[in-house]
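We did not get these values from a lab; they are worked out from the coordinates using the rules stated. Model, not experiment: these values are computed from the prediction. We place every Cβ from the backbone using ideal geometry, glycine too, and count neighbours over all the protein chains shown.
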Amino acid sequence: MLAGDFGPGVRKAMEIIVALGRIYDAQRLVPVGSAQVAGVSYRNLGEAGLEFLREWAGQSARVRVPTTLNPAGMDLHAWRELGFSKSFARRQEAVIEAYRRLGVRTTCTCTPYLVGNVPRLGEHVAWAESSAVSYANSVLGARTNREGGPSALAAGITGRTAAYGLHLDENRRATLRVVVRCPVRTLSDFGALGYLVGQAARNRVPLFVNPVNLVGLEGACSGGSALFFLRALGASMAASGAVALYHVEGVTPEAGRTDVLASDHETLVVEDLQPAYDALNSDAHKNGNGNGNGNGNGIDLVWFGCPHASLEEMAEVVRLLNGRRVKAALWITTAREVREQAEAEGLVAAVEASGGRVVADMCVVVAPMQELGFRTLATPSAKGATYVPSHAGLQVRYGTVEQCVRAAVTGLWLG
Ligand code: F3S
């Protein structure tokens, strides 16, 4: 591949893999079972990124392992109804087309594991998108570094990655022991805990010991609603820090290793989640500079589905709405395939009957949200609340799913 026997596009991909291997002193390459590629929203890529992809696709490069795609900057079907401009839509479609030519499955989601890209325990993969990386490593026990967009695509094209970082046993041991002394009960509690631990951990590997206060986590890795808690925890630690792998005693698959805790680990004790709730609510908003509607508590948009929502999460929002109409916009972002299942199960109709939307393919953080006129957003996602102010330019309110549904119905953040 490096010699160019498979064409210039494959050579370029292998050059990226080899360069990374040299930087990180990798001793070998490992085959990867799948890739998850970031760098999809035209808002982030711009013309230079689009040209880069087109050139690669024009060099006859094709992925050789199943490769899925991160969220785009708009719903690829309903962009017009949602208010995205035609000029943005055309460029976004061109990005998707370039990926399609590269052989990438163009379902645009940060939860590829909900739509069939599910790595096995111990399998090497090359994933970008921090919450998906965290889920693959921690909950599924697969092995991936936090790839960038080009390196994940290069791994998809070559079917290989360099064996360094989290591909190696020794780097998967915990270096931060976490003791939680306060109860952690709700989705937003898990996000708040993740926010605090991620800040302290940076890129270390946390191990949550004796997790009796992590209420409802039992059996999480075998499915059920507790999986959302793990997703929220991992996504949040990946956003406030750069945590790509964590373990929870008695819950996640590698926590039972006898050598899971490195001898030179440090210990973090979490006594109170309130500092995270305070930090995740935008300052300007708290001071009453709301959305210009004369009330500092005004909410324009309530966002569920960060990471992309599962059917169970949608059903929970529908249950809490209980048929009431919303005053603020309510969006549930999800994968296209999950939206289709939700449509079949009547969940989309139920959300729409309340005036909300189930939006596919996209992520609010990478979308041109200000162009749509939104200024204030409420979400139960700590990752969303971390990124929305800086990336999407909106002020944020962070709280429980119940608080967010109430905000949607009233148009106000009532705390
Ligand atoms: Fe997914 Fe966007 Fe949240 S990529 S995890 S919906 S910030």
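Data overview
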{"item": "Most fluctuating residue given options Pro112, Pro380, Pro275, as computed from a GNM of the chain linking Cα atoms under 10 Å", "result": "Pro275"}
{"item": "About the Cα centre, charge dipole magnitude for the chain (Lys/Arg +1, Asp/Glu -1 at Cβ), debye", "result": "600 debye"}
{"item": "Dipole of the chain, positive end: most advanced residue of Ala154, Gly58, Ala192 [Cβ charges, Cα centre]", "result": "Gly58"}
{"item": "Percent of beta bridges antiparallel (DSSP, the chain, rounded to nearest 5)", "result": "10 percent"}
{"item": "Theoretical FRET efficiency, 1/(1+(r/R0)^6), r = Cβ-Cβ of Glu15 and Arg80, R0 51 Å, to 0.05", "result": "0.80"}
{"item": "Ellipsoid semi-axes in whole angstrom, largest first, where each is sqrt(5λ) of the Cα gyration tensor of the chain", "result": "33, 28, 18"}
{"item": "Listed residues Met14, Val388, Leu233: farthest to the positive end of the dipole of the chain (Cβ charges)", "result": "Met14"}
{"item": "Label point distance in nm, Glu93-Glu312, each placed 7 Å from Cα along Cα→Cβ", "result": "3.8 nm"}
{"item": "Estimated 222 nm signal from helices in the chain, with DSSP H stretches of n ≥ 4 weighted -39500 (n - 2.57), rounded to 500", "result": "-11000 deg cm²/dmol"}
{"item": "Selected from Arg22, Arg202, Arg173 as most flexible by GNM, with the chain as the system and alpha-carbon contacts under 10 Å", "result": "Arg22"}
{"item": "Within the range 167-189: backbone nitrogen closer than 15 Å to the Leu320 label point (7 Å, Cα to C-beta)", "result": "185-189"}
{"item": "Net charge dipole size for the range 336-415 [Lys, Arg +1 and Asp, Glu -1 on Cβ; Debye, nearest 20]", "result": "400 debye"}
{"item": "Convex hull of the range 274-415 built on C-alpha atoms - directionally averaged projected area, nm²", "result": "7.6 nm²"}
{"item": "Taking the chain and dividing mean pair separation by its residue count, relative contact order in percent (alpha carbons under 8 Å, at least six apart)", "result": "17 percent"}
{"item": "Inter-label distance for Leu372 and Thr258, nm, one decimal - labels placed 7 Å from Cα along Cα-to-Cβ", "result": "5.3 nm"}
